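Colleague: Let me give you the structure first, and then I'll get to my questions.
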Amino acid sequence: MHEWALRSRGPIHTTANFEGRTLAFQMPDRGGGPTGPRIRVGRPSRRVRTLLMTLGVLAVLSMVFVMFSGFWTDWLWYRSVDYSSVFTTTLWTKIGLFAVFGLLMATAVGVNIWLAHRLRPPLSAMSLEQQSLDRYRMGIAPYKKWVLLATTALVGLIAGASATSQWRTWLMWVNGVPFGQKDPQFQMDVAFYAFDLPWYRFLLGFGFAAVVLSLIAAALTHYLYGGLRITSPGARATAAATGHLSVLLGLFVALKAVAYWLDRYGLAVKSSDFKATDNWTGLRYVDANAYLPAKTILFCIAVICALLFFATLWRRTWQLPVIGFGLMVLSAILIGGLYPAIVQKFQVQPNEQAKEAPYIEKNIEATRKAYGIDGVKPGDYTGRGEVKDPAQQRKNADAAASYRINDPNIVSPTFQQLEQERKYYQFPSTLDIDRYDGQDTIIGLRELNLAGVDKRNWINDHFTYTHGFGAVTAKGTATAEGTSGAPAFTESGLPTKGMLGDYEQRIYYGEKTTQYSIVGGPQKELDYEQDGGRQVTTSYKGKGGIDVSGPLNRAAYAVAFSEPQILYSGAIGDGSKILYNRTPKQRVEAVAPWLTIDGDAYPAVIGKRIQWVIDAYTTTNGYPYASRTTLGDTTADSLTDRQRAVVAQQNQVNYIRNSVKATVDAYDGTVTLYEWDENDPVLKTWKKAFPGTVKAKGDIPEELREHLRYPQDMFKVQRELLALYHVTDAGQFYNASDAWQVPNDPTKADSNAVPPYYLSMKLPGDTAQQFSLTTTFTPSGRPNLRAFMAVDADAKSSDYGRIQLLRVTDDNVDGPEQVQSRLNRHGPIATYVRDLKGADSTIKYGNLLTVPLDRGFLYVEPIYAQGRGSEFPLLSKVAVVYGQKIGFADDLAGALSQVFGAEGAPDEETPPADPDEPPTEPTEPPVTGDGALQDAIADAQKAYDDAKAALEKNPTDWAAYGKAQAALEAALQRAADAQRAQPESTPGSEARPEAEPDAKPDEGAPGG
């Protein structure tokens, strides 16, 4: 301890000169003795000081290394995928924005604080109010430079950090490419609204922030040093303070004038509520005739008001600028608010349709262009099918489509049960549709599932179980013989064998692969297990991944992943690589952060490798007059989950193009971007910003092109817009007399939109089948069918992207939900469902396919049965509806024969349903005591028990299981025949199906 003593025999007097004024202090003598008061000051020992300094240095170094590790690992990852230019371009852009706008904000605030201090009045002239601030001035005085630096640094850091988020806006502005299209109001190129206006608005917002912060800082400084007075008599501000603050206020008003001018152009991309549509964008009558001239007038008033504020530098009075500012505010209320309301009330509303017609036409034209549907014109189609020439129509039906009776949304559990092979493998819940050898094929990858690993630990999770194995495919149009409805696999087994030939089967990158793995080092990986449990091991040889054999990288990843074992584990050595960011969407989004990613990545075997194919979009919300849509809502349907959700950079858009096709190699993670829309100005802009990242369209390999298809999310956006924008007449559009909606999925319990279906089919006027993506529409608020939409989805077709829209002219054609209700009420189907339910089985309804046929529509729906204790469904029946005819048989051919009058086939007609009448629930029939029916039910139960026993005895004995299933089907058919043979005791005594007839048969089952 050290001590110092202050000794005096009386009060202590001292003086100090502060800011030109002499100040006196007096300290009374409290010692009362020769030694006076003592002040004891504790001083830490040298060892403690050294320890504290060491801990402080270590803390700082740790923080620095944590920040460095994030930067370093990001750089290593981008370098590993050969997209380091994306990382550097983005990084330098953010650094540049941070530095420039941070420096501008710091300079603006700092200069105004310095200027306010420089313009302070002499303290000797200060009032009592200012004398009370002496202690604050004295406290700041020794540190005023540091206070100034700290204040400016803080606002600069905040402003710079905020500016970094505008890196996309900056790159689009500096690299913008003209659209070659002009808006109808101002005749400005669309690029001005898409690329320029967002940047100008950012600059304007930054300018407002800088002026407001400078104004606040200057006002506080003037008040602290006497330039402004609140309670003192006399003038409230010195002449210098008046001039200084007036200039800042003048700058604020001048920026407001610029805002008024930009608001004029902003009307072209302004969203508003309108009777015609909820997402109206662009000018309306009141905008063009009231708001637009009002903004121009307010601009002129603001310019004059700003000049009045600047004039105070000479007049030294605020009288005129305050009057001008008050007039500007009053004008904003009257001209900018009240006048447009009067125009809307007394000019527009009495004759709104006529007044708005020219603007509705502009909105329709712009919206159809922005979403790529400007060439779509509905064609009339009767829609009511009748069987007039059974033989010819049956031949036409066979040629109309390749009917997919294996629903990829239903058969995933079947793939899982029959082809999972090991618990640590899994298939996606919804499989994908592709084409191989010209046939619609269901494909799924056997990906890694760590939840199925018996012994979970760090080594197993990240070193041993590292990859999935093999692609499994099945025919979309047929089932395997002798399996009672199992898919006909064309590639199966472990390792897989079949039509795909020899290819790299290891799957290190996939939709389910979310954990990191460390491969290629001393620790061997489990490749797969052969029959008998013999393990085959491997070591990763791909070019993907980042080397972690060195201490720096190991330490960086140990920090980045919060996993210290990476730093010292002996399982990591020479050749070790770490794999992460392993889902296809993650990788494409990382290398092209300016793209919006489609929700459904799908696998294809291309060039002896499994490639994930990802559709990517360029979007903007700055297309003038084009109505906006919310991507997350528009692309949602009954199959959407987190995995299949669209990855959107901006949720609301009013322009979209499928400009990029991307691939991700499932083995080494290589990401390749291919240009697809060569005329898209947004893609051209991003290619200028990130040169060399997107390959030319001509570089797409021919083998890859065979598997490219029209993307689902793009199609969903277009169908949502066409539900309203198929109308091109302004009057009809305003009245919404022909508004459509996407129907709910009739096979699902929740009220979600029916998903679009890929299907090879022949549309009216076509001579051959084309791989297509299809959907249906119903009138708004009604269940009957109103339109059918299909797009040529084959990338090799010369008509790729051609959208055909068939408007149903008959108002009594059943829609999907009505068709499902008719099927539920159909006698044989109701009986079949009831009997299976009695045997404790579950019914799952597959995709209800809609195919145009002979001026009508043919509906095809596969029906699956899942027995008690069974984990997977098998195709059991196929239902077909054409007009008033319903077919229900073991296979598609039998159902078509029933519909088109094949000899001996039962043909039951169902009266047409009233489109306005909700489906009625069929009543439960009385239990019959007929001997034949009881025998059939007993045989069905025995066959079911035999099937269950066969699986329990030998899970792979599919021959015995198939034999039992065949016996079960035969017994159920005899039960159905016996039921039909009984006389009806009461009207409406059909058997009740398993679920409600209003299109919700199986709440928990995947459908569509």
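The values are calculated or read from the model by the stated rules, or taken from the named source; none is laboratory data. Nothing here was measured: the structure is a model prediction, and the numbers come from that model. Quick reminder, even Gly has a Cβ in these numbers, built from the backbone with ideal geometry, and neighbours come from all protein chains shown.
Colleague: Just checking, how many residues over the range 798-829 are touching a Phe, Trp or Tyr at 6+ places or on another chain (Cβ under 8 Å) and polar (S, T, N, Q)?
Modeller: Summing the residues that are touching a Phe, Trp or Tyr at 6+ places or on another chain (Cβ under 8 Å) and polar (S, T, N, Q) in the range 798-829 gives 2.
Conditions tested, residue by residue: (1) more than 30 Å from SER876 (Cβ to Cβ); (2) without any contact (Cβ under 8 Å) to a residue 24 or more places away in the chain; (3) touching a strand residue (DSSP E or B) at 6+ places or on another chain (Cβ under 9 Å).
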| site | (1), (2), (3) |
| --- | --- |
| GLY476 | no, no, yes |
| ASP527 | yes, no, yes |
| GLY533 | yes, yes, no |
| GLY544 | yes, no, yes |
| ASP547 | yes, no, yes |
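Colleague: Can you tell me how many residues within the range 559-589 are aliphatic (A, V, I, L, M), modelled with pLDDT of 95 or more and in a helix (DSSP H, G or I)?
Modeller: Adding up the residues that qualify gives 1.
Colleague: Hey, can you tell me all the residues within the range 437-450 that are surrounded by fewer than 22 Cβ atoms within 10 Å (Cβ to Cβ), in contact (Cβ under 8 Å) with a residue 12 or more places away in the chain and not in a strand (DSSP E or B)?
Modeller: ASP437, ASN449, LEU450 - these are the residues of the range 437-450 that are surrounded by fewer than 22 Cβ atoms within 10 Å (Cβ to Cβ), in contact (Cβ under 8 Å) with a residue 12 or more places away in the chain and not in a strand (DSSP E or B).
Colleague: Then there is this: Taking the range 496-554 on its own, how many of its residues are in a loop (DSSP other than H, G, I, E, B) and at positive phi?
Modeller: Count: 5.
Colleague: Output the number of residues of the range 783-834 satisfying the condition of being hydroxyl-bearing (Ser, Thr, Tyr) and assigned to a loop (DSSP other than H, G, I, E, B).
Modeller: 4
Colleague: Take the conditions crowded, with 21+ Cβ neighbours inside 10 Å and at pLDDT below 95 and apply them to THR238. Does it pass?
Modeller: Here the answer is no, as THR238 does not meet what is asked.
Colleague: Out of everything in the range 273-320 that is among the aromatic types (Phe, Trp, Tyr), touching a helix residue (DSSP H, G or I) at 6+ places or on another chain (Cβ under 8 Å) and part of a helix (DSSP H, G or I), what residue ends up being surrounded by the most Cβ atoms within 10 Å (Cβ to Cβ)?
Modeller: Residue satisfying both the conditions and the ranking: PHE309.
Colleague: Please state which one of ALA332, ALA306 is without any contact (Cβ under 8 Å) to a residue 40 or more places away in the chain and either in the same structural domain as PHE252 (by TED's automatic domain parsing) or among the small types (Gly, Ala, Ser) (or both).
Modeller: ALA332
Colleague: Which is at positive phi and touching a strand residue (DSSP E or B) at 6+ places or on another chain (Cβ under 6 Å), of GLY883, GLY887, GLY815?
Modeller: Criteria check complete, one pass: GLY883.
Colleague: Looking only at the range 188-224, which residues are without any contact (Cβ under 8 Å) to a residue 60 or more places away in the chain and within 33 Å of the chain's Cα centre (by Cα)?
Modeller: Selection gives ASP189, ASP196, TRP199, PHE202, LEU203, LEU204, GLY205, GLY207, PHE208.
Colleague: What is the number of the single condition among (1) farther than 30 Å from ALA723 by Cα; (2) assigned to a loop (DSSP other than H, G, I, E, B) that PHE415 does not meet?
Modeller: Looking at each condition in turn, PHE415 falls short on (2).
Colleague: Taking the conditions exactly as written (among the polar types (S, T, N, Q) and touching a strand residue (DSSP E or B) at 6+ places or on another chain (Cβ under 8 Å)), does THR685 satisfy them or not?
Modeller: no
Colleague: OK, next. Mind listing whichever residues of the range 156-196 are hydrophobic (A, V, I, L, M, F, W, C), part of a helix (DSSP H, G or I) and surrounded by fewer than 21 Cβ atoms within 10 Å (Cβ to Cβ)?
Modeller: Selection gives LEU157, ILE158, ALA161, TRP170, TRP173, VAL174, PHE192.
Colleague: Also, I was wondering about something else. Among (1) over 18 Å from LEU875 (Cα atoms); (2) surrounded by fewer than 24 Cβ atoms within 10 Å (Cβ to Cβ); (3) at pLDDT 90 or above, there is one condition LEU849 misses while meeting the rest; what is its number?
Modeller: For LEU849, the failing item is (1).
Yes/no per residue for (1) at pLDDT 90 or above; (2) surrounded by fewer than 19 Cβ atoms within 10 Å (Cβ to Cβ):
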site	(1), (2)
THR466	yes, no
MET499	yes, yes
TYR509	yes, no
ARG534	no, yes
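Colleague: For the list (1) of a type outside the set (A, V, I, L, M, F, W, C); (2) under 21 Å from PHE87 (Cα atoms); (3) surrounded by 19 or more Cβ atoms within 10 Å (Cβ to Cβ), I need the number of the one condition that ASP547 fails.
Modeller: Result: ASP547 fails condition (3) only.
Colleague: Something else now. Only one of (1) farther than 23 Å from VAL519 by Cα; (2) outside the structural domain of ALA895 (by TED's automatic domain parsing); (3) crowded, with 22+ Cβ neighbours inside 10 Å fails for TYR425. Which number is that?
Modeller: Exception for TYR425: condition (1).
Colleague: Which residues, counting only those in the range 243-273, are touching a strand residue (DSSP E or B) at 6+ places or on another chain (Cβ under 9 Å) and either without any contact (Cβ under 8 Å) to a residue 12 or more places away in the chain or not aliphatic (A, V, I, L, M) (or both)?
Modeller: Passing the criteria: LYS270, SER271, SER272, ASP273.
Colleague: So, one more: Just to verify a result, which residue in the range 260-272, among those that are part of a helix (DSSP H, G or I) and of a type outside the set (D, E, K, R), is nearest to the chain's Cα centre (by Cα)?
Modeller: Selected residue: VAL269.
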